[in-house]
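Derivation of every value follows stated rules applied to the coordinates shown; laboratory data play no part. Given the structure is predicted, the values throughout are model-derived calculations rather than measurements. Because the Cβ atoms are built from the backbone with ideal geometry, glycine has one as well, and the counts that use them run over all protein chains shown.
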Amino acid sequence: MPDWSRDDRDSTVSTRLGSETMSELDIEHYRRRLLAEREQLSETKATQHEEAATVELDQSRTGRLSRMDALLGQAMAQEQERRADQELRRIATALARCDSGDYGFCVDCGEPIAPARLEADPAAELCIRCAEAREH
Ligand SMILES: [Zn+2]
């Protein structure tokens, strides 16, 4: 029983310390999200690879219409894979920035990126103003 109370106190202390040292941004929180997202993308990619392989097999023993469907499906699978690769690169960059201490700051203007924006997209590397400026 005394062990329980000590555990509780320990976790409270470490939480408080954590919020003090990371008063602006909880990098570890975003790092965990980035890692989870990376894992999910890798899984999706693996599944898509299997699907693309299945499409090729079907193609040889079905009619022209199905063949077109198959090709379309394959093109879509390739496009999805391309996007997944792009996203994986963004995540890798964001993780590197976690390590270098640049995470959470806009790569263009150096201003902090709004936490709400990082919450929606942990791999975001531009503040909302610079992101909008690039779109226009
Ligand atoms: Zn900016």
Original post:
Amide H of Asp102: which non-local residues (sequence gap of 5 or more, or other chain) have their own amide H closer than 5 Å, using H built in the peptide plane?
Top reply: none
Subject >> Taking the stretch 87-130 and dividing mean pair separation by its residue count, relative contact order in percent (alpha carbons under 8 Å, at least six apart) >> reply: 38 percent
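Which net charge results when you count Lys and Arg as +1 and Asp and Glu as -1 among the other residues whose beta-carbon is under 12 Å from that of Glu87?
Surrounding charge for Glu87 is +2.
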